[in-house]
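Single-structure report; data block below.
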Amino acid sequence: MHRRTFLAGFAGLFGGCTGLGADAGDAADRVTPAPVPSATETARRSRDRDPLDGRACPTFDLRTDQTVCSHAQSETAPLALTPSRPVVTLADGVPASPLWFTLHWRGAGDLSVFTESWYLRRRTDGGWMRAADTPSSSRLVTLDSGEQFTWVLGGDSTGRAVTVEATLEPGSYAFAVQTVGSESRLHSECLALFDAVEERG
């Protein structure tokens with residue numbers, strides 16, 4: 001992957017994701033009725049359903065232009081931050097196996113990513129609360145269209161990703177990073193939602 005890392009003079013800026021959402025459909029597209037699933041297929045889909053389906057996409061940084069949640073986007077969205085799995089099992093407060101967060105960029109032009117300024121929030125009865133974060137940093141990594149960048153929670157980055165250090169308890173979480181698009185100049189907040197559960201003895 002070709003990356004250009006540089007220091008940017010965005011004083012006080014904490015990133016944002018160029019939230020390009022799902023692609024708009026062509027008005028001339030033909031509509032084909034979907035086949036009615038069998039009882040067996042319906043049961044299988046129920047078992048395999050993503051536990052994040054239907055969840056609202058929160059916004060944490062109101063300074064950004066928009067928020068992007070991969071679980072609420074199409075698989076072909078230009079910009080998405082996805083967890084390697086939606087549910088992690090905890091062992092002593094960290095994932096029993098590493099959880100990877102991958103930012104995919106498929107849009108036009110370059111995408112600048114605030115790789116060091118990630119933050120983690122936990123959903124509680126009172127709303128989303130701080131779980132972990134890093135000091136604001138202006139360090140950027142620039143991605144060309146078709147490239148990606150990763151973070152890892154509960155594992156050694158070994159130079160492949162930025163390490164996310166956090167101690168978790170069971171609950172629902174959102175991992176967030178921010179980006180800025182070179183063409184649109186929009187700042188977006190990119191979220192990857194996941195659940196943490198206790199390891200069974």
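Summary of values
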| quantity | calculated |
| --- | --- |
| Conditions (1) open to solvent by 10 Å² or more (accessible area, probe 1.4 Å); (2) small (Gly, Ala, Ser); (3) in a strand (DSSP E or B); number of the one not met by Ala174 | (1) |
| Near pairs, Cβ below 6 angstrom, 6+ apart or cross-chain, from region 104-118 (without any contact (Cβ under 8 Å) to a residue 24 or more places away in the chain) to any residue that is surrounded by fewer than 17 Cβ atoms within 10 Å (Cβ to Cβ) | none |
| Matching residues in region 53-72 - criterion: being open to solvent by 50 Å² or more (accessible area, probe 1.4 Å), farther than 15 Å from Tyr173 by Cα and of a type outside the set (Gly, Ala, Ser) | Leu62, Arg63, Asp65, Gln66 |
| Ser84 open to solvent by less than 30 Å² (accessible area, probe 1.4 Å) and among the polar types (S, T, N, Q) | no |
| Only one of Thr82, Thr18 that is closer than 28 Å to Met129 by Cβ and at pLDDT 95 or above | Thr82 |
| Hey, Leu7 modelled with pLDDT under 90 and buried (at least 16 other Cβ atoms within 10 Å of the Cβ) or not | no |
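The values are calculated or read from the model by the stated rules, or taken from the named source; none is laboratory data. As the structure is a prediction and not an experimental result, all values here were calculated from the model. A quick note on method: Cβ atoms are made from the backbone with ideal geometry, for glycine too, and the neighbour counts reach across all protein chains shown. Note: areas computed on protein heavy atoms with side chains; ligands, DNA, RNA excluded. Shrake-Rupley method; radii C 1.70, N 1.55, O 1.52, S 1.80 Å.
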